[in-house]
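S.K.: Take a look at this one; I'll ask things after.
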Amino acid sequence: MQYWLMKSEPSEFSLDDLQRKGREPWDGVRNYQARNWFRDQMQPKDLAFFYHSNCAMPGIVGVMEILTPAYPDPTAFAPDNPHYDPKSDPAQPRWYLVDVGYVAHFPRTVSLSELRTYPALSELALLRRGNRLSVMPVAAAAWAFIMGLQAGPALPSAPLRERH
DNA sequence: GCCAACGTTGGC
DNA sequence: GCCAACGTTGGC
C-alpha cells in the first residue's frame, strides 16, 4: 500500500470531472520516471492526491484510488491522439497507465503556497525545486499530515480577529 | 558519450 | 505572457 500525488490541469481533466465519471484511465503520461512508478510500484487500492496544476490556485483538491494494475496506454498507439507516440510499439509498449476512481473532494483546496509553509512537508517531491513530475510518491507521514489539515480551519491568510 | 538546441511544464 | 527548470533529441 503506497500513497501518490498525481497532477492534472483542471482545464483538461479536473477532480469534478472524475467525480462525474466515477473512474478514468489516467492516460497521456509521457515521462519515464512516472511510467516506472505506474508499471513497477503502483497497485490497486493505493490512494493518490489529485493535484490541480497550471491554474489560478494550484494545489491538492482531493483524493482518488488506484483501481487497476498498470496496462499499456492506448493513446500512444492512436495517430490522431495528441499523446500519440510513433515510437511506442504495441508489441513492446513504451507507456503505461492505471485507472483511477473518485474518492472525495477536500473541503478546501490545499494550495501549493500553503503546502510550502509546513516544515513537515519539506521532503515532499512536489515542493522540491524545479520539480516537474506529474506522478510522484508521497510518504505515509506526509499523507497523514496533509489529510490532517482538513480537520482544522488552517487559513493562514485569513484576517486576524481582535480578541477582547 | 558529450552537450547544445529545443520543447515542455507549470508557477507566477 | 514570461521565463526558470528540466527532459529529450540529435549531431558529432
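S.K.: Which members of region A:27-36 meet the condition of being within 13 Å of the chain's Cα centre (by Cα), in a loop (DSSP other than H, G, I, E, B) and closer than 19 Å to A:Leu126 by Cα?
M.R.: Correct list: A:Val29 only.
Residues are listed down the side, and each one gets a yes or a no for (1) part of a helix (DSSP H, G or I); (2) over 25 Å from A:Ala144 (Cα atoms):
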position	(1), (2)
A:Phe13	no, yes
A:Gln19	yes, no
A:Phe38	yes, no
A:Gln43	no, no
A:Tyr51	no, no
A:Met57	no, no
A:Met64	no, no
A:Thr75	yes, yes
A:Thr109	no, no
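S.K.: Give A:Ala104, A:Ala151 a once-over and let me know the one that is at pLDDT 95 or above and either surrounded by 13 or more Cβ atoms within 10 Å (Cβ to Cβ) or over 26 Å from A:Arg23 (Cα atoms) (or both).
M.R.: A:Ala104
S.K.: Would you say A:Ala91 is over 24 Å from A:Pro10 (Cβ atoms), away from DNA strand C (no atom under 16 Å from the Cβ) and without any contact (Cβ under 8 Å) to a residue 60 or more places away in the chain?
M.R.: yes
S.K.: Kindly provide the set of residues from region A:114-138 that are surrounded by fewer than 18 Cβ atoms within 10 Å (Cβ to Cβ), within 16 Å of DNA strand C (Cβ to nearest atom) and either within 17 Å of the chain's Cα centre (by Cα) or not polar (S, T, N, Q) (or both), ordered by number.
M.R.: A:Arg116, A:Glu123, A:Ala125, A:Leu127, A:Arg128, A:Arg129, A:Gly130, A:Asn131, A:Arg132, A:Leu133
The values are calculated or read from the model by the stated rules, or taken from the named source; none is laboratory data. Keep in mind it's a predicted model, so treat the numbers as computed, not measured. Glycine also receives a Cβ, built like all others from the backbone with ideal geometry; neighbour counts cover every protein chain displayed.
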